[in-house]
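Below is one structure, written out as structure tokens, with a few remarks after it.
The values are calculated or read from the model by the stated rules, or taken from the named source; none is laboratory data. If you're wondering where the values come from, they're calculated on a predicted model, not measured in any experiment. As a convention, Cβ positions derive from the backbone with ideal geometry for all residues, glycine included, and neighbour counts pool all protein chains shown. Just so you know, the surface numbers come from the protein's heavy atoms only, side chains and all, with ligands and any DNA or RNA stripped out. Shrake-Rupley method; radii C 1.70, N 1.55, O 1.52, S 1.80 Å.
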Amino acid sequence: MLSKLKLTVALTAGLVFGSAAAAQTELTVYTAVEAEDLARYAETFEAANPDIKINWVRDSTGIITAKLLAERDNPQADVIWGLAGTSLLLLKSEGMLEPYAPAGVEALDPRFVDDSTPPSWTGMDAYVAAVCFNTVEGEKLGLSLPSSWQDLTDPMYSGHIIMPNPNSSGTGFLDVSSWLQIFGEDGGWEYMDKLHENIARYTHSGSKPCKMAAAGEIPIGISFAFRGAKSKAAGAPLEIIVPTEGVGWEMEATAIVAGTANLEAAQKLVDFSVTKEANEMYNTGYAVVAYPGIAKPVEHFPEGLLEAMIDNDFEYAANNRAAILKEWQARYDGKSEAK
Amino acid sequence: MIARDAERLPEGPAIRGKLGRDDLIMRGGMVVIALYLLVTLAFPLYAMLSKSISTYSFDLAAFELQVSDDEGRFDGTIRTAAELNEATGAYTPADLIAGSDGRLGVTAFFPDFSFRSPVRYRIRNATDDGRFLVGSTLHDDTSWQELDSNTFRRVQLRPVETRGLGNFASYFSTPALFNSIQNSIVIAVISTIVTVTLAFWFAYALNRSCMRFKGLFRLIAMMPILVPSLLPGIALVYLFGNQGMLKDLMFGASIYGPIGIVIGSVFFTFPHAFIIISTALAISDARLYEAATALRASRWRTFWTVTIPGARYGLISAAFVVFNLVITDFGLPKVIGGQFNVLAVDIYKQVIGQQNFEMGAVVSVVLVIPAILAFAIDRAVQSRQVALLSARSVPFAPKPDRKIDRFFFAYACAIGLFIIGLLGVCQFAALVRFWPYDLSLSLNNFQFDRMDGGGWGSYFNSIRLALLTAVIGTAVIFFGAYLVEKTRGFRTGRALFQMFAMLPMAIPGMVLGLAYIFFFNNPANPLNAIYGTMAILVICTVTHFYTVSHLTAVTALKQMDREFESVAASLKQPTMKLFARVTVPVCLPAVLDISIYLFVNAMTTVSAVVFLYSPKTTLASIAVLNMDDAGDIAPAAAMGMMIFYTNALARILHLVASRGILARAQAWRMR
């Protein structure tokens, strides 16, 4: 009954507004961006492009990537807006992305643009690893504030650190691949061996360790800075630490799914995603965005974070991903009754 | 029994019962429902199974390479990677087995390789299905790529798909994964023993004693079914976590691990066990007890010779239902399992974390084995089951006994406290502004539109899904159970059907969901159109929860003597009339239980639909999962409680509605 009514209304509206209503294109956009940001993204874009409507499919990075790979032979998405760069590299290496140079892409920091011509994806913003330290619980337990990754291997922290499992969390993989880059292949594994002795457990999501630290469940969480800043803003007694050796980071990026039926609308969306306006929008939640010179500081963000970002080799991370995860699992995941 | 006697008779002229119209209708109905199960279960599972034996390996013969001299000139010598590997021994055959995301560097083929040298390299696929990457750019045609040595360093070969048991070999040789089998079984066995024991005495108290407030306790016992399995995990964190209210009760042990999984599993499987055992205990023949009293048998002896044998089928069904629920559940161990790996979470890690669908399928296949064993045991027990409620039966009515009634009342209170306690903690958690630092109350955690995972829209989608599932699912499942129980002859067909009906219990939701993607999202599939709609969610949910509903229906139908069918036949009444006038009314409690069971499970289901929802069909239960996953535990508890209140309301409406119907249809019980 209701749907009949809706249909009638829609038909009437179609007759009245004629071509305008008929021309509206619906884009299915896959994203891992936090839900509270999505409405803003859609509103801003749809205001500029009233003829295009966005249908979000939002899930965690892992699920969205798995979904895209599973749908490889019959893609459901038109555009990916806000998915981890390494995931997009993976999709690119499967030939699933439509190369396209969005208008105005030259203005972006080249670190944020795929190096093929035309590029297969363009970056939006970056999220950066950091350590969340609960000062209240830390004091109770008599823990001193760590300042580097190496500090975290001190036996004092035994059982008081929580980090994401790289096998199920993109943030966890970011940490592991950055340690392998910072300390070298052998040094990296040696470091993780020692760190493992102090880990209470590995979580499945990247933001959870920081939230666990915020809730005092485990005093130290290896997570990302953005999450720490948010929890701090919510009233958590947190100190956000940028380890001195440098921190890993991952970008969020945009791409067109190869074979989309709505190529023109998809291109418009990607054009929009690289504009200054869009980057200002990303800046609300992220301190680092692809468009140089517009980033304003984010409340509670730690000092010196941008300088600490390592020179990340995404290709290394993507191409060695399977081998790194296998090694990690063999070393640490087998010890189920470790603690 | 009858069949066995018939085997002993000498072979006479073959007398074949005429297939009447009724038989044809019933067989036709069975074929339709069997077809439904085939398409929604067997085919997707087959797609999954074939995924598990699809392995990936590097076919070195499919890549051709050329090397220039120091001036960058090529002399035209083409060698395949296989020849180079033979010459250098760079990779062993074991190195050439990979996952779908496997990559193999090429520089190892050239022992004197230097990325600074002026030597140039050419590489191409010798066949159309060869694939390699330069950096992250895929090359899947047969044209030559000429690269300088620095770029050549970035070449990665990709594996091709083959078939074989390689995945299983690598699964069983990975200790981390293999360990999970033992963990899963230990957890499931302990949870089963605890749950079935607790649920049996609870059901016994409610059916066989005259204790007070039975209706209330029945309601409380059903509560855990109203929430997603993650919720007890969340409650346990608030109770026994490092910041928990009752942390000291743990005496230093961690709730994150086997202890937490078992406690949570007992909580969420309790109503499942209770519903089955209670159905079995509800209908009993008072004449047996009268006989026992007349024979001066002790209470204890009566219990072991009358009560337990009568409830045996229910007990065993309950045990394997609980066992499978625990072993296939992934929500609870994910929330509270800590570093204790179990199979269901391994699937999640393989599929979501590593995008290794093949290994996910392998773990799923491993998970199916215990279920098939359970199925075999169930069949063995079932074949010995005798109908308890015959046309001559006298319903049993318990007599008051103060001491015993008090004891059972205290027992029921303890169980009730456990259930209400965990839910109460979740409600409290949902209202606290910032645990444990700011204990003021607020409704902030209910602002779902500001959280990850779906918002209020997903809540209303869940209600729609639940209603559709309850109506369509009950009709399909009860009719299916009736056909399989009451059709005469057609034994192979019935056994096959029964097997299909048992399968869903064994299939972890996540596997079912993935299987659906592989099957329904195939463009060659004519059913492709339902992908991404509410329809696929309904189908998936009905299929996922088929088994328990089917068992409830079968258990109820079993209590009905087959004589009813014979009487109807001799009175020349059509079977469908008997079905509508006798079977459905007699089994109405079971039918109503099935519909509410489906409704609440559709509200709480997570894993099966996590891959299948679309922008228009996001669900509340998935929002709980995502919010907990992101560490937003309080909002997750809040959404979980919304599901709880919705389900509780549905149950109350259901109770009011069914009371009216039952008063009329169940008059025969009230002598």
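Can you compute the FRET efficiency between B:Leu373 and B:Leu527 using 1/(1 + (r/R0)^6), with r the Cβ-Cβ distance and R0 = 30 Å? Round to the nearest 0.05.
0.40
With the dipole of chain B worked out from charges on the C-beta (+1 for Lys and Arg, -1 for Asp and Glu) around the Cα centre, which of B:Gly72, B:Ile472, B:Phe500 lies farthest toward the positive end?
Positive-most Cα among the choices belongs to B:Ile472.
Just need the relative contact order of the stretch B:526-641 here, percent rounded to a whole number, with Cα pairs under 8 Å and 6+ apart.
That works out to 32 percent.
Fully extended, how many nm does the chain gain between B:Thr151 and B:Arg312 (0.36 nm per residue separation, minus their Cα-Cα distance)?
Gain in length upon complete extension: 50.9 nm.
Tell me: how much accessible area in total is hidden between A and B, 1.4 Å probe, Å², nearest 100?
Rounded to the nearest hundred, the buried surface is 5400 Å².
Zone of B:Arg406 (label point 7 Å along Cα→Cβ, backbone N under 15 Å): which residues in the stretch B:176-214?
B:210-212
Enumerate the calculated ³J(HN,Hα) couplings along the stretch B:621-628 in order (Karplus 6.51 cos²θ - 1.76 cosθ + 1.60, θ = phi - 60°), each rounded to whole Hz, writing x wherever the residue is Gly or Pro.
Here the 3J(HN,Hα) series is 5, 5, 4, 4, 4, 5, 5, 5 Hz.
Under a 1.4 Å probe, what is the accessible area of the protein assembly as shown per residue, stated in Å²?
On a per-residue basis, the protein assembly as shown sits at 41 Å².
For the residue pair B:Trp456 and B:Leu649, what label-to-label distance in nm results when each label sits 7 Å from Cα along the Cα-to-beta-carbon direction?
1.3
Note down the nm distance, to one decimal, between modelled labels 7 Å out along Cα→Cβ at A:Glu46 and at B:Trp304.
Inter-label distance under the simple model: 7.0 nm.
Give me the percent relative contact order of chain A, please, defined on Cα pairs under 8 angstrom at least 6 residues apart.
Rounded, it is 23 percent for chain A.
Is any residue of the stretch B:104-146 close enough, with backbone N under 20 Å, to a label point placed 7 angstrom from the Cα of B:Thr162 along the Cα-Cβ axis, and if so, which?
B:104-106, B:109, B:125-133
Take every residue in peptide A:36-42, count the Cβ atoms of other chains within 10 Å of its Cβ, and give the average of those counts.
2
Counting only protein heavy atoms, what percent of the accessible surface of the protein assembly as shown is carbon or sulfur at a 1.4 Å probe?
61
List, in the order given, every pair from B:Lys214/B:Lys399; A:Lys230/B:Lys616; A:Lys211/B:Lys334; B:Lys51/B:Lys334 whose Cα-Cα distance in the structure shown is over 19 Å.
Those over the limit are A:Lys230/B:Lys616; B:Lys51/B:Lys334.
Taking H as built 1.01 Å from N, whose amide H comes closer than 5 Å to the amide H of A:Leu97, not counting residues under 5 places away?
A:Ala258
Using a 10 Å cut-off on Cβ to Cβ distances, tally the other chain neighbours for every residue of A:316-327 and report the average as a whole number.
That average works out to 4.
Take every Cα pair under 8 Å in chain B that's 6+ residues apart, average their separations, divide by the length, and report that relative contact order as a whole percent.
Relative contact order comes out at 17 percent.
Please compute the length gained on full extension between A:Asp313 and A:Glu277, using 0.36 nm multiplied by the number of residues separating them and subtracting their Cα-Cα distance.
10.1 nm
Quick check: Cα centre of the stretch A:124-139 to Cα centre of the stretch B:624-653, how many Å?
Answer, in whole Å: 28.
Counting partner chain Cβ atoms within 10 Å of every residue's Cβ in A:70-76, what's the average?
What the average comes to for A:70-76 is 5.
Out of the DSSP beta bridges found with both residues in the protein assembly as shown, what percent are antiparallel (nearest 5)?
Taking every DSSP beta bridge within the protein assembly as shown, about 75 percent pair in antiparallel fashion.
Does anything in the stretch A:229-260 have its amide N under 17 Å from the 7 Å Cα→Cβ label point of A:Val136, and if so which residues?
What the label zone holds, given the 17 Å backbone N cut-off, is A:229-240.
Determine, from the Cβ-Cβ distance of A:Lys194 and B:Ser173 and an R0 of 30 Å, the FRET efficiency 1/(1 + (r/R0)^6), rounded to the nearest 0.05.
0.65
Can you give me the distance in nm between label points at B:Leu417 and B:Leu49, each placed 7 Å from the Cα along the Cα-to-Cβ direction?
The modelled label-to-label distance comes out at 5.0 nm.
Rounded to the nearest 10 degrees, what's the angle between the helix B:633-665 long axis and the longest principal axis of chain B, both from Cα atoms, 0 to 90?
Taking the Cα atoms of chain B, the angle to B:633-665 is about 40 degrees.
A:Lys208: which aspartates and glutamates have alpha carbons under 18 Å from its alpha carbon, excluding same-chain residues fewer than 8 sequence positions away?
A:Glu34, A:Glu36, A:Asp59, A:Glu137, A:Asp175, A:Glu217, A:Glu239, A:Glu250, B:Asp452, B:Asp628, B:Asp629, B:Asp632
Which Rg and Dmax, in Å, describe the Cα atoms of the protein assembly as shown?
Final numbers for Rg and Dmax: 31.0, 108 Å.
For B:Asp449 and B:Ala380, compute 0.36 nm times the residue count separating them, minus their Cα-Cα distance, and round to one decimal in nm.
Answer, rounded to one decimal: 19.7 nm.
Counting DSSP beta bridges in chain A, what percent are antiparallel, to the nearest 5?
60
Among A:Ser207, A:Ser169, A:Ser148, which one moves the most in a GNM of chain A with springs linking Cα atoms closer than 10 Å?
A:Ser148
³J(HN,Hα) across the stretch A:88-95 via Karplus (A = 6.51, B = -1.76, C = 1.60, θ = phi - 60°), whole Hz, x for Gly/Pro?
5, 4, 4, 5, 4, 5, 8, x
Listed highest first by mean packing, meaning other Cβ atoms within 10 Å per residue, what order do B:412-425, A:50-63 come in?
A:50-63, B:412-425
Would you mind checking which residues have amide H under 5 Å from B:Val155's amide H? H placed 1.01 Å from N; only 5 or more apart, or other chain.
Under 5 Å from the amide H of B:Val155: B:Val106, B:Gly135.
Spelling out what I want: for every residue of the stretch B:81-88, take phi, set θ = phi - 60°, compute 6.51 cos²θ - 1.76 cosθ + 1.60 (Karplus), and round to whole Hz; glycine and proline get x.
Running phi through 6.51 cos²θ - 1.76 cosθ + 1.60 with θ = phi - 60° gives 4, 5, 5, 4, 5, 5, 5, 9 Hz.
Within the protein assembly as shown, which cysteines find no other Cys whose Cβ is under 4.7 angstrom from their own?
That list is B:Cys210, B:Cys413, B:Cys426, B:Cys540, B:Cys587.
For chain B, with only Lys/Arg (+1) and Asp/Glu (-1) charged at the beta-carbon, what is the dipole magnitude about the Cα centre, in debye rounded to 20?
That gives a dipole near 4220 debye.
Suppose R0 equals 60 Å. What FRET efficiency, 1/(1 + (r/R0)^6) with r the Cβ-Cβ distance, do B:Ser143 and B:Arg296 give to the nearest 0.05?
0.05
So what's the back-of-envelope 222 nm ellipticity for chain B, counting only DSSP H runs of four-plus at -39500 (n - 2.57) apiece and dividing by all residues, rounded to 500?
The helix-only estimate for chain B comes to -19000 deg cm²/dmol at 222 nm.
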